[in-house]
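Working notes, structure below.
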Amino acid sequence: MKVKINGNYEERLNIAIQRLLRAFRRDAELVNDEADIEIKMMIEEINKRMSVKVSTKDENLSDEEIVHDDSDRKYLILRALYRLLTIIFKKELAYGVLTGIRPTKLVYMYKGKLTDEEIKQLLMNKYAVSIEKANLLIEVVNNQTRKYGDITRFKDEVSIYINIPFCPSRCVYCSFTSYPLNYQKVSQEAYLEVLLEEIKSVGMFLRNHNIPITTIYVGGGTPTALTNENFERFLIGIEEYLLYNPVREYTIECGRPDTINEYKLRLIKEHQVSRISVNPQTFNDETLSKMNRTHTTSEIINTYQLARDIGLDNINMDLIIGLPEEKLDTYIYSLNKILALEPDNITVHYLAEKRSSDLYQQDIDFEKHDYHIFFNYAYHILKNNGYIPYYLYRQKHITGNLENIGYCKVGKECLYNILMIEEAQTILGLGCNASTKFSDYHLILNPKDLISYMHSYKSYLEKKLQYFEEMRNQYDGSLFSEHEYE
Ligand code: SF4
């Protein structure tokens, strides 16, 4: 659907307007020529009083207020447009005009300056966020600060993300880099050789510069897809190069039960890993098979039980809402099965439409009403069972315009997830397709392609360490730069 807006708004708002249109309709596109919907916009500002009039041939709305800065101006325009779009598309958005912004970061921006009630009013009035989501955002941030206090205190430390890009099969919704276990062009052994080199160099750099490591997170792919021998070698390497001092948290994703065995779980226990993730995604065997996940629901339960028996006391389980052919009763069934196992963390994801996934080509209804019903069900049943929401993020094209939420038992809040989502410190990414995000938002992405990574990892490593040095010098030894969240 093409939308044209004629008016005297600044061109720099086009990105935000385009995002807002897409939040209403996935196929909406802002154009300059012939369009399905034409909107007129008239903006006036006299002595800080700004008015915005928006209209179509059938509707006419206006809004005005005293503006103090560009942020007030921007959101007055977006709100006026948003109100018109709610009439055109006959729906409201729970996050109002908030697109492309991490919503909990907004709460952090105002925390300390305003009370929770004032922040709530601001979220609702300035950003048109629903009362339900405004309360949720504040609750999430309060749960983070209750556990960790002021998270900017980690600003001069770093966390490490390590990627293992192998999986036993490719799930149809997957948008990550994932190579088969028997990938001929690069063996697990060859990859580990290079990866451990990268880990060693970064470990030495941090040690020499006296920079503490806060958390380590090993994801993928599926880290436990490594053979027993390779997995052991990997864990020993991490211990040698990164665990020279204790870290606050060390997570390994063991996402697929078809890659886990007792030997690997015992290695995990022996090598200082403090948290793992075993991910059912659904408790429907038929869906698992259709999604090309080569394991069953009973394998999930057995693996989870084995991990508990071995003494692993911090386990996350992921659930995906919106998988093809699943409905409200399937989501509820899956969540209740997970609850019965009593994991320490439960992360509820909503399916996001990703170009690089095999699902992208399929005709999927990403706007089903039952997602909102499920959100309420999940929130209340999880809270009634002692889980609290502690981190939250939204993705582009997320199902039902909702959010992914990490819930946990009190005291089991994953620090890495919080630091990463709130962009509260530098995260160094190691391995194929790992991204490094410095605390000034500068990004360095390791190659997505495994062969390219093998050939060029050294130059990316140099770039990362060099930027690190520059940033430390620029910010007088600190790794954190103050930045405007909006
Ligand atoms: S297990 Fe995860 S990384 Fe591997 S194919 Fe499935 S979704 Fe992708």
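What follows is calculated from the coordinates using simple rules that are stated; it is not laboratory data. None of these values were measured; they are calculated from a predicted model. In this analysis, Cβ positions are derived from the backbone assuming ideal geometry, glycine residues included, and neighbour counts consider all displayed protein chains.
Determine how many Å³ per residue the convex hull of the Cα atoms of the chain encloses.
Values: hull volume 76.2 nm³, N = 486.
Value for the chain: 157 Å³ per residue.
Subtracting the Cα-Cα distance of L243 and E469 from their residue separation scaled by 0.36 nm leaves 79.2 nm.
Sequentially through the stretch 137-150, phi angles give Karplus couplings (6.51, -1.76, 1.60; θ = phi - 60°) of 4, 5, 4, 4, 5, 5, 5, 5, 6, 4, 7, 10, x, 6 Hz, Gly and Pro residues having no value and appearing as x. Subtracting the Cα-Cα distance of E45 and N125 from their residue separation scaled by 0.36 nm leaves 26.8 nm.
Using the 10 angstrom Cβ neighbour count as an exposure proxy, how do F166, F375 rank, fewest first?
Neighbour counts put them in this order, fewest first: F375, F166.
At a Förster distance of 35 Å, what's the computed FRET efficiency of S435 paired with N14, Cβ-Cβ distance as r, to 0.05?
Numbers: r = 27 Å, r/R0 = 0.76.
So the FRET efficiency works out to roughly 0.85.
Quote the FRET efficiency, to the nearest 0.05, computed for N6 versus H372 with a Förster distance R0 of 41 Å and r equal to the Cβ-Cβ distance. E between N6 and H372, to the nearest 0.05, is 0.75.
List the residues whose amide H sits under 5 Å from the amide H of V129, counting only those 5 or more places along or on another chain, with H placed 1.01 Å from N in the peptide plane. Distant-sequence amide H within range of V129: V97, M124.
Farthest toward the positive end of the dipole of the stretch 148-472, out of F166, H209, H455, is the Cα of H209, where the dipole comes from beta carbon charges about the Cα centre.
Fewest-first ordering of H455, H68, H271 by other beta carbons within 10 Å of each residue's beta carbon gives H68, H455, H271. Scoring 463-474, 276-287 by mean Cβ neighbours within 10 Å over their residues and listing the highest first yields 276-287, 463-474.
Listed values for the stretch 112-118 are Karplus-derived 3J(HN,Hα) couplings in whole Hz (6.51 cos²θ - 1.76 cosθ + 1.60, θ = phi - 60°), namely x, 9, 10, 6, 4, 5, 5, and x replaces Gly and Pro. Cβ distances below 4.7 Å define possible disulfide partners, and in the chain the cysteines left without one are C167, C254, C408, C414, C432.
What FRET efficiency would be calculated for the residue pair R170, N228, taking the C-beta separation as r and a Förster radius of 22 Å, to the nearest 0.05? Display every interim value, and only then the final one.
Values: r = 23 Å, r/R0 = 1.03.
FRET efficiency, R170 to N228: 0.45.
In terms of distances greater than 19 angstrom between alpha carbons, the cross-link table entries K327/K412; K147/K412; K91/K383; K264/K409 yield K327/K412; K91/K383; K264/K409.
Please work out how much length the chain gains when fully extended from Q184 to R308, using 0.36 nm per residue of separation minus the C-alpha to C-alpha distance, in nm with one decimal.
Working: separation 124, 0.36 × 124 = 44.64 nm, distance 3.54 nm.
Value of the extension gain: 41.1 nm.
Our helix-only sum for the chain, with -39,500 (n - 2.57) per DSSP H run of n ≥ 4 divided by its residues, gives a mean residue ellipticity at 222 nm of -13000 deg cm²/dmol. Across the stretch 228-247, the residues whose backbone nitrogen lies under 18 Å from the label position 7 Å along the beta-carbon direction of E270 are 228-241, 243.
Residues in the stretch 260-265 carry Karplus couplings, in order, of 10, 9, 4, 4, 5, 5 Hz; the curve used is 6.51 cos²θ - 1.76 cosθ + 1.60 with θ = phi - 60°, and Gly or Pro positions show x. Put simply, the Cα atoms of the stretch 177-301 extend 52, 34, 24 Å along their principal axes, the longest span coming first.
Based only on Cα atoms, what Rg/Rh ratio does the stretch 5-54 have, Rh being taken as Kirkwood's radius?
Dividing the radius of gyration by the Kirkwood radius yields 1.02.
Put simply, the amide H of T426, placed in the peptide plane, has neighbours under 5 Å in S159, S439, leaving out anything fewer than 5 places away on its chain.
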